[in-house]
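Report on one structure; see the data block that follows.
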Amino acid sequence: MGNEYILGIFTLAGINLMTVLGLSLLTGFTGLFSFGHAGFMAIGGYATALMTLNFHWPFIPSLMVGGLAAALVSAVLGKVTLKLKGDYFCIATLGFGEAVRLILDNVQTFGGARGWPGIPHYTNFWNVLGINIVAIIILANLIHSRHGRNMIAVREEELASQIVGINVFKYKMISLVISAAYAGIAGGMMGHYMTFLQPKMFSLVKSTELTIIVIFGGLGSISGSVLGALVLTSLPEILRAFSSWRLVFYGLAVIFIMISRPEGLMGGYELTPSSMKRLYRNIVSKRSKAVHSAGGDK
Amino acid sequence: MGILELHGLTKTFGGLTAVGDVNFNVEKDSISGLIGPNGAGKTTIFNLITGVYKVTSGKIIFDGKDITNKEPYLIAESGITRTFQNIRLFKKLTVYENVLTACHYNANYSIFDSVLRLPKFRKQEKKLTEQAAELIEIMGLESRKDLIANNLPYGLQRRLEIARALALMPKLLLLDEPAAGMNPDETEQLMKLISEIRKRFNLTILIIEHHMDLIMGICENIMVLNFGCKLAEGTPTDVQNDKSVIEAYLGVE
Amino acid sequence: MTQFFQQLINGISIGSVYALMAVGYSLVYSIMNFSNFAHGGVIMFGAYFGFFFLTLLRFPFPLAFLSAAICSAILALIIERVAYKPLRERKAPFLYFIISAMGASIFLENLVIAIPAIGPTFRTYPEIFNKQPIKIGELAMGKLDIAMFLISAICLIVLIYIIDHTKIGKAIQATSYNIKASALMGVNTDFILVTIFLMGGFLAGIAGVLFGMKYTVYPQIGIITNKSFIAAVFGGLGSLPGAVIGSVLLGIIETFTAGYFSSQYRDLIAFVLLITVLVVRPMGLMGKVTEDKA
Ligand SMILES: Nc1ncnc2c1ncn2[C@@H]1O[C@H](COP(=O)(O)OP(=O)(O)OP(=O)(O)O)[C@@H](O)[C@H]1O
Ligand SMILES: [Mg+2]
């Protein structure tokens, strides 16, 4: 197990993390669930590759184009589906994701189902790390503002949000567009890491996996999403030796998480220096007062 | 001319007429009451005023403007807000966060301002936190400000809902059974609080309540509703002496 | 014109199998209000059950058919007990059910691939109905297509009869209308759920076998089962007649797309249809519109 191998796993985890961060905003903070974000990754992936290969743009601006393309498409999707209630938005995103994959399967310009080879290998551990740090800062700053609070309010209680004057549709839209942009950038990084793109990389299973990571990390926790992406990307890689049984256990693990610890690893709490201090203080005071559970549990 | 006028307001659900041709005026700066037996259509009227339900027919005029069938958040923006009969707080947020969220109206920094933490963001955010703190103090929730809303005692949850509504600086406040589940003592306190906030915030208030003491004690004008239709309207004494009201409602109590 | 009718017949035949699958989604949705994506896995297992009963155990066809259906029903029930019941008891939001269902579906699909004796290969059913089509004038109808249609139709009619005319059916209807109220009225909702999953699983098994006979059996038939889910949405999630009508329409639309445009677009059209329906009429063809109580 060389350095290369470990950096490789972290790079993959970082690419996943980028989408997961966006989904964390959408799902963890706004309360909307998507089964189509692999579709946004695909759009971003193909758009980015188009920029670097056909227009010879540098990598980072091309990634921006990828993110923008996904964002634009998400705005259209959001416009028509965000008014749908509960389950139905989920289903619409599922339909969207599958439609994107099938369209790419059938459009021969980008190689159809056989895929699109020869994409330059621009993605590496360091640019993935840099982009993720920026993405986390943006997300954290957004969440700790009136805009972020409005999204959280929408997650908690839609009707009450309306009544205090929050434009629910607008905030769902902002959340969706940002999450799609993140996914688009992640797709761009993915294509330039694997050096090829293939529609089947962006299947429903991929979308599900992403949402599962967000839930596994804990809804409403950025640090949870980071942990979730690291654990759930590296674990299957490490388990690769067990090849076909890997996904069997994965499926079981998903059910197990849902029925046993649905609040995820972090349960909505953040791992920050101040929260660590608070946790420590709670544990100390718990010792002295012997009251009920500390830190993580409310 | 009142601050709020209902003209021939009607709402049907399938075959059921929940509200039928109701006309009503709420005078500016008054406290008005809306009473009637269970299922009379009181909450439905609130839902129509605040845009939660679509009006079947009729018109709602607020502050001289037609607000019929506008989106709820736009109605809130124009100065009407409410509390809910079945409390709807942001359950998993703290008391402070509940109020702070609702204060959003008094800031206008953009997403870019917040992402880049520009001066505009810092300045306005400071103002918001001060405002939230002040409201919490006025409503006597200071000692519980970091509690999760869902863990508050019932009476305080109702109080918090009022605090959250006030954060919008509304002109008209609709209270749906604010004293439900409270003991006489708490009800008494609530009455005082309502009169107080009305003066302090220059509010017009419309209350739905089953506690007759409360309604008769603080309302200047009362509308009685039965089976979706207006049965009577007037001062507390008028209403109490109205024959049809006694028959349909007070008699039963 | 002949081609038109030929397509129509093929469409209805496929659509009727979709319908068998789709009612499973709708039954669960009508009571539990979530999309049970594990249903696709049960259908796939049904196809495998049938295949192995026929080839390994050499069961006669009707027995293999029935056994596959029963095994699938049991499988569906096991999934309910393991993956949903704990969530139900905790009153978890619908999303947890969906994710749990996805987990079950990932599990089932990969279990088949991982078990060496099954693996990812395509399996062809032994020939039960010979390929000689029945001719009516210009129209040719495969015996298998006719059997598919008849078996599906019979199953669906029995199902709808049970729902409309039996005591348990009435209880199911009451529960789907209001689960809390019917529990208060003394309906044993847990028993209703058991029934729902058994019925859905039974039909899934039949659909799986029919599907396997028509095409082949392989682990990723999820694409097909997803389409039957779309049919259920199209008809109006939670409505049984809706699921049937939506399925038949989807079957017809698909065969026409394949026949008149290109078979490449056959899968795509379903998803485009899905989004269109959600945008234009999210409650589907037969779904009911409600205004949430506030
Ligand atoms: N969303 C809805 N769908 C169908 N019927 C409704 C809906 N909302 C209210 N109703 C019906 O309208 C009627 C009036 O209900 P409403 O809640 O306005 O009564 P209320 O006067 O507030 O009664 P209470 O004192 O019990 O709160 C009732 O018969 C109720 O069942
Ligand atoms: Mg009411």
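The values are calculated or read from the model by the stated rules, or taken from the named source; none is laboratory data. The shown structure was predicted, so the numbers you read here are calculated from the model rather than taken from an experiment. Reconstructed Cβ throughout: ideal geometry from the backbone, glycine too, with neighbour counts over all protein chains shown. Ligands, DNA and RNA are stripped out before the accessible areas are found, and what is left, the full protein with its side chains, is counted by its heavy atoms. Shrake-Rupley method; radii C 1.70, N 1.55, O 1.52, S 1.80 Å.
Number of residues in region C:257-274 that are closer than 13 Å to C:Ile230 by Cα and at pLDDT 80 or above equals 7. Taken over region B:134-151, the criterion of being in contact with a Lys or Arg (Cβ under 8 Å, 6 or more places away or on another chain) and either over 30 Å from B:Leu48 (Cα atoms) or open to solvent by 10 Å² or more (accessible area, probe 1.4 Å) (or both) is satisfied by B:Ile138, B:Gly140, B:Leu141, B:Ile148, B:Asn150, B:Asn151.
For A:Glu98, the requirement of being among the acidic types (Asp, Glu), under 28 Å from C:Met32 (Cα atoms) and either buried (at least 21 other Cβ atoms within 10 Å of the Cβ) or not assigned by TED's automatic domain parsing to the domain that holds A:Met201 (or both) is met. Candidates in region B:12-27 are the residues that are crowded, with 17+ Cβ neighbours inside 10 Å and within 30 Å of B:Met191 (Cβ to Cβ); of these, the one that is nearest to ligand 1 (Cβ to nearest atom) is B:Ala18.
Condition check ((1) under 18 Å from C:Ile70 (Cα atoms); (2) open to solvent by less than 20 Å² (accessible area, probe 1.4 Å); (3) touching a residue at least 60 places away in the same chain (Cβ under 8 Å)) across all residues:
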{"site": "C:Leu20", "(1), (2), (3)": "yes, yes, yes"}
{"site": "C:Gly24", "(1), (2), (3)": "yes, yes, yes"}
{"site": "C:Ser35", "(1), (2), (3)": "no, yes, yes"}
{"site": "C:Gly41", "(1), (2), (3)": "yes, yes, yes"}
{"site": "C:Met44", "(1), (2), (3)": "yes, yes, yes"}
{"site": "C:Phe49", "(1), (2), (3)": "yes, no, yes"}
{"site": "C:Phe52", "(1), (2), (3)": "yes, no, no"}
{"site": "C:Leu56", "(1), (2), (3)": "yes, no, no"}
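Scanning region B:183-219 for residues that are within 22 Å of B:Leu135 (Cβ to Cβ), within 16 Å of ligand 2 (Cβ to nearest atom) and among the β-branched types (Val, Ile, Thr) turns up just one, B:Ile207. Of all residue pairs spaced 6 or more apart or on separate chains, those with beta-carbon atoms under 9 Å, a first member in region B:31-44 that is within 14 Å of chain C (Cβ to nearest Cβ) and a second member that is within 8 Å of ligand 2 (Cβ to nearest atom) and of a type outside the set (Lys, Arg) are B:Lys42/B:Gln85; B:Lys42/B:Asp176; B:Lys42/B:Glu177; B:Lys42/B:Ile208; B:Thr43/B:Gln85; B:Thr43/B:Asp176; B:Thr43/B:Glu177; B:Thr43/B:Ile208.
Residues in region A:14-35 that are in contact with a Leu (Cβ under 7 Å, 6 or more places away or on another chain) and farther than 13 Å from A:Val214 by Cα: 1 in all.
Set side by side, the residues C:Phe51, C:Phe45, C:Phe65 differ, and just one is at pLDDT 90 or above, in a helix (DSSP H, G or I), in contact with a Cys (Cβ under 8 Å, 6 or more places away or on another chain) and of a type in the set (A, V, I, L, M, F, W, C), which is C:Phe45. Counting the residues of region A:31-70 that are open to solvent by 10 Å² or more (accessible area, probe 1.4 Å) and among the aliphatic types (A, V, I, L, M) gives 11. When restricted to residues that are outside any helix (DSSP H, G or I) and within 22 Å of B:Val95 (Cα to Cα), region B:164-178 contains 10. Of everything listed in (1) within 14 Å of chain A (Cβ to nearest Cβ); (2) assigned to a helix (DSSP H, G or I); (3) open to solvent by 20 Å² or more (accessible area, probe 1.4 Å), the single unmet condition for C:Gln220 is (2).
With respect to the conditions (1) in contact (Cβ under 8 Å) with a residue 60 or more places away in the chain; (2) part of a helix (DSSP H, G or I), A:Phe33 lacks only one, and its number is (2).
Please tell me if A:Ile138 is out of contact with any helix residue (DSSP H, G or I) (no Cβ under 7 Å at 6 or more places or on another chain), outside any loop (DSSP other than H, G, I, E, B) and farther than 21 Å from B:Lys91 by Cα. Here the answer is no, as A:Ile138 does not meet what is asked. Filtering region A:187-199 for residues that are outside any helix (DSSP H, G or I), touching a residue at least 24 places away in the same chain (Cβ under 8 Å) and buried (at least 23 other Cβ atoms within 10 Å of the Cβ) leaves a non-empty set. On the basis of being in contact with a Ser or Thr (Cβ under 6 Å, 6 or more places away or on another chain), surrounded by fewer than 24 Cβ atoms within 10 Å (Cβ to Cβ) and assigned to a helix (DSSP H, G or I), does C:Gln3 make the cut? Judged against the criteria, C:Gln3 is not a match. Among the residues of region C:89-145, those that are of a type in the set (S, T, N, Q) and away from chain A (no Cβ under 14 Å) comprise C:Thr124, C:Asn130, C:Gln132. I need the full set of residues from region B:28-87 which are of a type in the set (Val, Ile, Thr) and within 15 Å of ligand 1 (Cβ to nearest atom), in order please. B:Ile35, B:Thr43, B:Thr44, B:Ile45, B:Ile49, B:Thr50, B:Val52, B:Val55, B:Thr56, B:Thr83, B:Ile87 - these are the residues of region B:28-87 that are of a type in the set (Val, Ile, Thr) and within 15 Å of ligand 1 (Cβ to nearest atom).
When you look at B:Lys42, is it basic (Lys, Arg) and farther than 25 Å from B:Glu247 by Cα, yes or no? So B:Lys42 does not fit the description; no. The number of residues in region B:97-154 being within 12 Å of chain A (Cβ to nearest Cβ) and of a type in the set (A, V, I, L, M, F, W, C) comes to 16. Within region A:77-95, being open to solvent by less than 20 Å² (accessible area, probe 1.4 Å) and part of a helix (DSSP H, G or I) holds for A:Leu77, A:Gly78, A:Thr81, A:Asp87, A:Phe89, A:Cys90, A:Ile91, A:Ala92, A:Thr93, A:Leu94, A:Gly95.
So which residues in region C:84-112 are surrounded by fewer than 19 Cβ atoms within 10 Å (Cβ to Cβ) and assigned to a helix (DSSP H, G or I), if there are any at all? If the condition is that a residue be surrounded by fewer than 19 Cβ atoms within 10 Å (Cβ to Cβ) and assigned to a helix (DSSP H, G or I), then C:Lys85, C:Pro86, C:Arg88, C:Glu89, C:Arg90, C:Phe94 are the ones that fit. Restricting the search to helices (runs of 4 or more DSSP H) fully inside region B:39-138 and requiring at least 2 residues that are within 16 Å of ligand 2 (Cβ to nearest atom) gives B:42-49. In region B:156-178, the qualifying residues are those that are more than 16 Å from ligand 2 (Cβ to nearest atom) and of a type outside the set (A, V, I, L, M, F, W, C), and the one that is surrounded by the most Cβ atoms within 10 Å (Cβ to Cβ) is B:Arg164.
Scanning region B:171-191 for residues that are within 16 Å of the chain's Cα centre (by Cα) and of a type outside the set (A, V, I, L, M) yields B:Lys171, B:Asp176, B:Glu177, B:Pro178.
Counting the residues of region C:253-272 that are open to solvent by less than 30 Å² (accessible area, probe 1.4 Å) and touching a residue at least 24 places away in the same chain (Cβ under 8 Å) gives 4.
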